[in-house]
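First up is the structure itself, then whatever we jot down about it.
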Amino acid sequence: MGIKITTTGHYLPALKVSNDDLTQYMDTSHEWINKRTGISSRHIATNENTSDLASEAAKRILAKSGISAEELDFIIVATMTPDALSPSTACIVQEKIGASKAFCFDISAACSGFVYALSNASHLMKSGNYDKGLVIGAETMSKVINWQDRSTAVLFGDGAGGVLLERTDSPEESFLAEDLHADGSRHLALVADHKNVQNPFTEVKETQSYYLEMDGRGIFDFAIRNVPETINRIIANSTLSKDDVAWVVAHQANKRLLEAISKKSKIPFEKFGLNIADTGNTSAASIPILLDQMIESNQIQAGENILLTGFGGGLTWGSLLIKL
């Protein structure tokens, strides 16, 4: 029995905000943003939360697959912008789509979240106890952004994407190799909605930090160093060569950064999927959104080897080598 990614799907909020639109709220311009990031626009939720975006992506996946929500054994949602600390966003998605038999939990690994979640799901499936599961990356980054801070506000967007994993009769699997990492010593490089201990017994009352704060240069340098290493390591640990990899579906953080990763990993930039111009950085949602868009546009074909790589807050980073 094998495990396959059988269906993909994504959902983006209806409101599309251009770089020119942002000039109403901060001192910036399309030229300034686009030159530094490759971003032209992003989708922003207006009356939807993370569970709403994730649920819409889930419904689209189920509609394409032809299976019912009640057939799902589990739902995993990767997010750094949950609806609440409790319940999990995955549990809210379960209720919204009617997946009454699924167990549910969230994974918080920021922009690496979908890679972490998909790895966890693959191992759950390999236990032999489960037949079908949804893995979703979903974010409403707009709710943790300071919209007067052009160093962060211009970068992020909202959205959700995901995949359906199914047990198949074929011994062939989607999952060929994995390589996951974290470095908590650099956790302050990206912080959002930081909460200190505050109660009547606390002696020192500290200021809470709600908005996302990011060391942009630090993240850039970290990614240039660590992401090519994980890409090279996962290929070396597999039975494939770089020539066997049809596409790299990387976290969409910054076009210039992806170009640098391509150069350092010695994988042609033409093999890197891109949608950052229209979506911005959607954190844990970026990889599954791009994956589905590339499949829908026939860029990715069945049977091709795809390298997924994520990197971000935590700091976390990692790659999965899959066959679709």
ask   = Right, G133: closer than 30 Å to G303 by Cα and touching a Pro at 6+ places or on another chain (Cβ under 8 Å) or not?
value = no
task = Considering every residue within segment 147-161, establish whether at least one is within 20 Å of A250 (Cβ to Cβ) and open to solvent by 10 Å² or more (accessible area, probe 1.4 Å).
result = yes
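So is E270 more than 17 Å from G310 (Cα to Cα) and assigned to a helix (DSSP H, G or I) or not? Before you say what the answer is, go through the steps one by one.
On the way: more than 17 Å from G310 (Cα to Cα): yes; assigned to a helix (DSSP H, G or I): yes.
Taking the combined requirement at face value, the residue satisfies it.
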note = When (1) touching a residue at least 40 places away in the same chain (Cβ under 8 Å); (2) more than 13 Å from V135 (Cα to Cα); (3) touching a helix residue (DSSP H, G or I) at 6+ places or on another chain (Cβ under 8 Å) are applied to E71, the one that fails is (3)
task = Output the residue which, of all residues in segment 242-255 that are touching a helix residue (DSSP H, G or I) at 6+ places or on another chain (Cβ under 7 Å), touching a residue at least 40 places away in the same chain (Cβ under 8 Å) and open to solvent by 40 Å² or more (accessible area, probe 1.4 Å), is farthest from R36 (Cα to Cα).
result = W247
request  = Please work out if T239 is in a loop (DSSP other than H, G, I, E, B), over 23 Å from Q148 (Cα atoms), open to solvent by less than 90 Å² (accessible area, probe 1.4 Å) and among the β-branched types (V, I, T).
outcome  = no
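Take the conditions modelled with pLDDT of 95 or more, open to solvent by 20 Å² or more (accessible area, probe 1.4 Å) and either among the basic types (K, R) or under 19 Å from T316 (Cα atoms) (or both) and apply them to K263. Does it pass?
Spelling it out, K263 is indeed modelled with pLDDT of 95 or more, open to solvent by 20 Å² or more (accessible area, probe 1.4 Å) and either among the basic types (K, R) or under 19 Å from T316 (Cα atoms) (or both).
Please find, among I33, I5, I75, the residue that is open to solvent by 10 Å² or more (accessible area, probe 1.4 Å) and aliphatic (A, V, I, L, M). Give the steps one after another, and end with the answer.
Working: I33 fails: open to solvent by 10 Å² or more (accessible area, probe 1.4 Å); I75 fails: open to solvent by 10 Å² or more (accessible area, probe 1.4 Å).
Going through I33, I5, I75 in turn, just one is open to solvent by 10 Å² or more (accessible area, probe 1.4 Å) and aliphatic (A, V, I, L, M): I5.
Looking only at residues in segment 8-30 that are among the hydroxyl-bearing types (S, T, Y) and at pLDDT 95 or above, which one is surrounded by the most Cβ atoms within 10 Å (Cβ to Cβ)?
Y11
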query = What residue, of L165, L176, L240, is aliphatic (A, V, I, L, M) and within 27 Å of S51 (Cα to Cα)?
reply = L165
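Only residues that are open to solvent by 10 Å² or more (accessible area, probe 1.4 Å) and of a type outside the set (K, R): list them for segment 219-234, please.
Taking segment 219-234 as the starting set, the residues that turn out to be open to solvent by 10 Å² or more (accessible area, probe 1.4 Å) are 219-221, 224-226, 229, 232-233.
Passing the criteria: I219, F220, D221, I224, N226, E229, N232.
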query = What pairs can you find where one residue is in segment 114-129 and farther than 16 Å from L72 by Cα, the other is part of a helix (DSSP H, G or I) and at pLDDT 95 or above, and their Cβ atoms are less than 7 Å apart, with a gap of 6+ or different chains?
reply = F114/A284; F114/I287; F114/P288; V115/I287
query = Among D278, D292, which is open to solvent by 10 Å² or more (accessible area, probe 1.4 Å) and assigned to a helix (DSSP H, G or I)?
reply = D278
query = Is it true that A99 is among the small types (G, A, S), over 30 Å from Y210 (Cβ atoms), in a loop (DSSP other than H, G, I, E, B) and at pLDDT 95 or above?
reply = yes
query = For segment 120-227, which strands (runs of 3 or more DSSP E) that fit wholly inside it have 1 or more residues that are closer than 30 Å to K242 by Cα and of a type in the set (S, T, N, Q)?
reply = 158-168
inquiry  = Condition first: touching a helix residue (DSSP H, G or I) at 6+ places or on another chain (Cβ under 7 Å) and modelled with pLDDT of 95 or more. Now tell me which residues in segment 287-314 satisfy that.
reply    = I287, P288, I289, I300, N305, L307, L308, T309, G310, F311
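Mind listing just one residue for me: the one in segment 295-306 that is part of a loop (DSSP other than H, G, I, E, B) and closer than 20 Å to L12 by Cβ and, of those, most open to solvent (accessible area, probe 1.4 Å)?
Applying the first criterion (part of a loop (DSSP other than H, G, I, E, B)) to segment 295-306 yields 297-304.
Of the ones still in play, those that are also closer than 20 Å to L12 by Cβ are 297-300.
On the way: S297: 66, N298: 105, Q299: 86, I300: 9 Å².
Restricting to residues being part of a loop (DSSP other than H, G, I, E, B) and closer than 20 Å to L12 by Cβ, the top hit is N298.
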task = Please specify each residue of segment 50-70 satisfying the condition of being touching a strand residue (DSSP E or B) at 6+ places or on another chain (Cβ under 6 Å) and either among the β-branched types (V, I, T) or not in a helix (DSSP H, G or I) (or both).
result = T50, I61
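The values are calculated or read from the model by the stated rules, or taken from the named source; none is laboratory data. Fair warning: this is a prediction, and the values are worked out from it, not measured in the lab. In this analysis, Cβ positions are derived from the backbone assuming ideal geometry, glycine residues included, and neighbour counts consider all displayed protein chains. Side chains are part of the model used for accessible areas, which takes the heavy atoms of the whole protein and leaves out ligands, DNA and RNA. Shrake-Rupley method; radii C 1.70, N 1.55, O 1.52, S 1.80 Å.
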